[in-house]
Amino acid sequence: MAAKPRVLVTRRWPKAAELALAERFDVTFNENDTPMSAEAITAAMREYDAVAPTVSDRITAEMLAAPSARILANYGVGFSHIATDAAKTAGVVVTNTPGVLTDCTADLAFSLMLAAARRLGEGERELRSGGWSGWRPTHMIGTKVSGATLGIVGFGRIGQAMARRAHHGFGMRVIFQDPYPVDPALAASLGAERRETVDDVVAEADFISLHCPGGDENKHLIDARRIGLMKPGAILVNTARGEVVDEAALAAALSDGRVAAAGLDVYEREPVVHPDLLKLENVVLAPHLGSATSETRVAMGMCAVENLTAFFAGREPPNRVA
Ligand code: DGY
């Protein structure tokens, strides 16, 4: 019987997914579950048949020089942490785990939008610190979400799921921008109207939620200029990738009240959060929890297992991105 392909997994997965992987492959898990060094990942790329990284690993062109690994089965949908051009040049296939995290990521984006609008983080901090003096008509007044206009930047699966919640659940008006064509009937079923540019969305929306990919093409898509276009009192939500927002510019705008509030799940230099953001009351900060439900995290692992299984069986992996 042929030896099973050797797979290195950079972080621990939920038990059920690890068991499924271990049934089909000769697997090495990163037992202590801390980020692997660049040297350790480079060595793994030269020793194993496959590496299964995730968003906390930066897979650089240098790591992809002379690899033995023929596939990077990423655990996660976003892959801006992988040098995909270098992977292509090196003949390394890259796969991701789309679809299975759509609803949970949209749920988290919606939670952040509500929490930022209704000042939940601030309220909880006040209460826990013993600072709540009781109900009063002027206490901790927030922004109404129901019926407001939501601007979605990036109208892929997660952006559409956000629109569905906003329109059908909260009676919101939805506008969106996406560089790719979107079926007008689908957009209409979500009550969503297309806008030509990101500027148009940013300038018209009461709430802006980011659902575009990260990477160089969208680095600082939301910069000081676009923040300046936002309506007074607007609220920004980012569950996409940290690099999409210029954190220093956002912190400055939150600090002087030009942006009313923000809800963030992703950061430019994870796990480091810009110190100015940490000081502000009007930003809700989550530690990259978009896909963090047991159902979704198991499903992401199973998806990576399917990609590896197809690849090593000589089939096209279902979720190939490079
Ligand atoms: C994703 O799947 O891209 C999540 O952000 C975790 O990487």
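Checking each residue in the stretch 207-261 for being open to solvent by 50 Å² or more (accessible area, probe 1.4 Å) and among the hydroxyl-bearing types (Ser, Thr, Tyr) picks out only 255. When the residues of the stretch 81-95 are filtered to those that are open to solvent by 60 Å² or more (accessible area, probe 1.4 Å) and more than 23 Å from the chain's Cα centre (by Cα), the one that is farthest from the ligand (Cβ to nearest atom) is 89.
In the stretch 1-94, which helices (runs of 4 or more DSSP H) lie fully inside it and hold 2 or more residues that are in contact with a Ser or Thr (Cβ under 9 Å, 6 or more places away or on another chain) and not aliphatic (A, V, I, L, M)?
Details: elements: 15-24, 38-47, 84-90.
Filter on the stretch 1-94 gives 38-47.
Quick one: in the stretch 96-141, which of the residues that are among the aliphatic types (A, V, I, L, M), open to solvent by less than 50 Å² (accessible area, probe 1.4 Å) and part of a loop (DSSP other than H, G, I, E, B) is nearest to the ligand (Cβ to nearest atom)?
In the first step, residues of the stretch 96-141 are kept if they are among the aliphatic types (A, V, I, L, M); the result is 100-101, 106, 108-109, 112-117, 120, 127, 140-141.
Right, trim to open to solvent by less than 50 Å² (accessible area, probe 1.4 Å) and you get 101, 106, 108-109, 112-113, 115-117, 140.
Cutting the leftovers down to part of a loop (DSSP other than H, G, I, E, B) gives us 101, 140.
Working: 101: 5, 140: 31 Å.
The selected residue is 101.
Within the stretch 59-80, residues that are more than 16 Å from the ligand (Cβ to nearest atom) have Cβ atoms under 8 Å from residues that are assigned to a loop (DSSP other than H, G, I, E, B) and open to solvent by 40 Å² or more (accessible area, probe 1.4 Å) in these pairs: 68/49; 69/49; 70/49; 70/91; 71/49, counting only partners at least 6 apart in sequence or on another chain. For residue 14, indicate whether it is out of contact with any Phe, Trp or Tyr (no Cβ under 6 Å at 6 or more places or on another chain), closer than 14 Å to residue 298 by Cα and not aliphatic (A, V, I, L, M). Spelling it out, residue 14 is indeed out of contact with any Phe, Trp or Tyr (no Cβ under 6 Å at 6 or more places or on another chain), closer than 14 Å to residue 298 by Cα and not aliphatic (A, V, I, L, M). Going by the conditions given, is residue 44 away from the ligand (no atom under 16 Å from the Cβ) and either crowded, with 17+ Cβ neighbours inside 10 Å or closer than 25 Å to residue 154 by Cα (or both)? Answer is yes for this residue. The number of residues in the stretch 242-296 being within 21 Å of residue 57 (Cβ to Cβ) and small (Gly, Ala, Ser) comes to 5. Candidates are the residues of the stretch 244-261 that are free of Cβ contacts under 8 Å to residues at least 40 places away in the same chain and part of a loop (DSSP other than H, G, I, E, B); the one that is nearest to the ligand (Cβ to nearest atom) is 246. Determine whether residue 162 is assigned by TED's automatic domain parsing to the domain that holds residue 259 and within 30 Å of residue 318 (Cα to Cα). When the stated conditions are applied, residue 162 passes them. Scanning the stretch 37-86 for residues that are out of contact with any helix residue (DSSP H, G or I) (no Cβ under 9 Å at 6 or more places or on another chain), farther than 26 Å from residue 313 by Cβ and β-branched (Val, Ile, Thr) gives a single hit, 55. Taking every residue in the stretch 267-289 that is among the hydroxyl-bearing types (Ser, Thr, Tyr) and pairing it with any residue that is in a loop (DSSP other than H, G, I, E, B) and open to solvent by less than 80 Å² (accessible area, probe 1.4 Å), at least 6 positions away or on another chain, the pairs with Cβ-Cβ distances below 9 Å are 267/273; 267/274; 267/288.
Conditions (1) surrounded by fewer than 22 Cβ atoms within 10 Å (Cβ to Cβ); (2) in a loop (DSSP other than H, G, I, E, B), marked per residue:
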site: 263; (1), (2): no, no
site: 277; (1), (2): yes, no
site: 280; (1), (2): yes, yes
site: 298; (1), (2): yes, no
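Counting only residues that are out of contact with any Pro (no Cβ under 9 Å at 6 or more places or on another chain) and either among the polar types (S, T, N, Q) or surrounded by fewer than 18 Cβ atoms within 10 Å (Cβ to Cβ) (or both), the stretch 287-296 holds 6 of them.
The values are calculated or read from the model by the stated rules, or taken from the named source; none is laboratory data. Remember, predicted model here, so these are calculated numbers, not experimental data. Heads up, the Cβs are rebuilt from the backbone with ideal geometry, glycines too, and the neighbour counts pull from every protein chain shown. Calculation scope for accessible area: heavy atoms of the full protein, side chains included, ligands and nucleic acids excluded. Shrake-Rupley method; radii C 1.70, N 1.55, O 1.52, S 1.80 Å.
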